[in-house]
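Undergrad: I am attaching a structure below and will ask some questions about it afterwards.
The values are calculated or read from the model by the stated rules, or taken from the named source; none is laboratory data. Here the structure is a predicted model, which is why all the values come from computation and not from measurement. Reconstructed Cβ throughout: ideal geometry from the backbone, glycine too, with neighbour counts over all protein chains shown. We work out accessible area using only protein heavy atoms, side chains counted, and drop any ligands, DNA or RNA first. Shrake-Rupley method; radii C 1.70, N 1.55, O 1.52, S 1.80 Å.
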Amino acid sequence: MNLSLGVKALVVFTCILFSALVGVGGGWLSHKPGGYKRDAVLVGGGTFGGTLTLVILVLATLGVL
């Protein structure tokens, strides 16, 4: 695909927002009552990074980016 730079930036921004939502969900699901919040933040951060890497890699493979 031959997309303009603005459209590619919008796609990357959408990927970041999607990954942030997945990361928040992962952190929320991993949090245990009475447990440390830092553990949930670490899980959420790892989930965010993994999701963002996967989404960007798939879009690059498909030729969108």
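Undergrad: Looking at this structure, is residue 13 open to solvent by 80 Å² or more (accessible area, probe 1.4 Å), under 9 Å from the mean Cα position of the chain (by Cα) and of a type in the set (Phe, Trp, Tyr)?
TA: When the stated conditions are applied, residue 13 does not pass them.
Undergrad: Now a separate question. In region 39-47, is there at least one residue being touching a residue at least 24 places away in the same chain (Cβ under 8 Å) and part of a helix (DSSP H, G or I)?
TA: yes
Undergrad: Right, another one. Does residue 65 satisfy the criteria of being open to solvent by less than 90 Å² (accessible area, probe 1.4 Å) and not in a helix (DSSP H, G or I)? Explain how you work it out, then say what you get.
TA: Numbers: open to solvent by less than 90 Å² (accessible area, probe 1.4 Å): yes; not in a helix (DSSP H, G or I): yes.
In short, yes.
Undergrad: Now a separate question. Quick one: in region 16-62, of everything that is open to solvent by less than 60 Å² (accessible area, probe 1.4 Å) and of a type in the set (Val, Ile, Thr), which residue is nearest to residue 1 (Cα to Cα)?
TA: Looking at residues that are open to solvent by less than 60 Å² (accessible area, probe 1.4 Å) and of a type in the set (Val, Ile, Thr), I get 56.
Undergrad: Of (1) surrounded by 14 or more Cβ atoms within 10 Å (Cβ to Cβ); (2) at pLDDT 95 or above; (3) closer than 26 Å to residue 63 by Cβ, residue 8 satisfies all except one. Which?
TA: Of everything listed in (1) surrounded by 14 or more Cβ atoms within 10 Å (Cβ to Cβ); (2) at pLDDT 95 or above; (3) closer than 26 Å to residue 63 by Cβ, residue 8 misses just condition (2).
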